[in-house]
Amino acid sequence: MAGLLTIGIFAFMSYCNEYILALTVLKPDNYTLPVGLKNLMEVQKFATDWGAMFAGLVIVMVPTMLFYAMVQKHLTSGLSIGGLKG
């Protein structure tokens, strides 16, 4: 069970971080957070509002860190199961 959970976590994280697919397929109203942050930086050009940029990065990072904190025991046991010789 822990192995399936580990694979699910890695698949979820790779789908959330799929920048090119989200940029190509989605409409601007439905962009994912990484694409939205990149657009925020492009709109501001050389006068980037670093406070808004870092606030957006924290908003993106906090749910991932909370999710990892909840499943870290299962994740590490799933990773170690693959390395054990049965």
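The values are calculated or read from the model by the stated rules, or taken from the named source; none is laboratory data. Every value quoted in this text rests on a predicted model; they were computed, and no experiment measured them. FYI the Cβ positions are ideal-geometry reconstructions off the backbone, even for glycines, and counts take in every protein chain you see.
Name the pairs: first residue in the stretch 59-77 and free of Cβ contacts under 8 Å to residues at least 60 places away in the same chain, second residue surrounded by 11 or more Cβ atoms within 10 Å (Cβ to Cβ), Cβ to Cβ under 6 Å, at least 6 apart or on different chains?
From the stretch 59-77, the pairs are Val60/Leu33.
Give just the number: which of (1) surrounded by 12 or more Cβ atoms within 10 Å (Cβ to Cβ); (2) more than 11 Å from the chain's Cα centre (by Cα); (3) of a type in the set (Val, Ile, Thr); (4) modelled with pLDDT under 80 does Ile9 not satisfy?
(2)
Out of all the residues in the stretch 23-39, is one or more part of a helix (DSSP H, G or I), surrounded by fewer than 13 Cβ atoms within 10 Å (Cβ to Cβ) and either on the phi > 0 side of the Ramachandran plot or among the hydroxyl-bearing types (Ser, Thr, Tyr) (or both)? Working first, answer last.
Within the stretch 23-39, the first condition is being part of a helix (DSSP H, G or I), and the residues that meet it are 23-25, 28-30, 33-39.
With the extra rule that they be surrounded by fewer than 13 Cβ atoms within 10 Å (Cβ to Cβ), the set shrinks to 24-25, 28-30.
Now narrow it down to the ones that are either on the phi > 0 side of the Ramachandran plot or among the hydroxyl-bearing types (Ser, Thr, Tyr) (or both): 24.
Yes, because at least one residue in the stretch 23-39 is part of a helix (DSSP H, G or I), surrounded by fewer than 13 Cβ atoms within 10 Å (Cβ to Cβ) and either on the phi > 0 side of the Ramachandran plot or among the hydroxyl-bearing types (Ser, Thr, Tyr) (or both).
Looking only at residues in the stretch 40-62 that are in a helix (DSSP H, G or I) and aromatic (Phe, Trp, Tyr), which one is nearest to the chain's Cα centre (by Cα)? Even if it seems obvious, please write down each step before you answer.
Step one: list which residues in the stretch 40-62 are in a helix (DSSP H, G or I), which gives 40-44, 50-62.
Going one step further and asking which of them are aromatic (Phe, Trp, Tyr), we end up with 50, 54.
On the way: Trp50: 21, Phe54: 15 Å.
Only one residue fits best here, namely Phe54.
Would the stretch 63-80 turn up any residue that is more than 19 Å from the chain's Cα centre (by Cα), part of a helix (DSSP H, G or I) and surrounded by 14 or more Cβ atoms within 10 Å (Cβ to Cβ)?
Within the stretch 63-80, the subset more than 19 Å from the chain's Cα centre (by Cα) is 73, 77-80.
Filter again for part of a helix (DSSP H, G or I), leaving 73, 77-80.
Now restrict to residues that are surrounded by 14 or more Cβ atoms within 10 Å (Cβ to Cβ): 77-78.
The answer is yes; a qualifying residue exists.
From Thr48, Thr76, Thr64, which residue is out of contact with any Asp or Glu (no Cβ under 7 Å at 6 or more places or on another chain), modelled with pLDDT under 75 and of a type in the set (Ser, Thr, Tyr)?
Details: Thr76 fails: modelled with pLDDT under 75; Thr64 fails: modelled with pLDDT under 75.
Selected residue: Thr48, the only one of Thr48, Thr76, Thr64 that is out of contact with any Asp or Glu (no Cβ under 7 Å at 6 or more places or on another chain), modelled with pLDDT under 75 and of a type in the set (Ser, Thr, Tyr).
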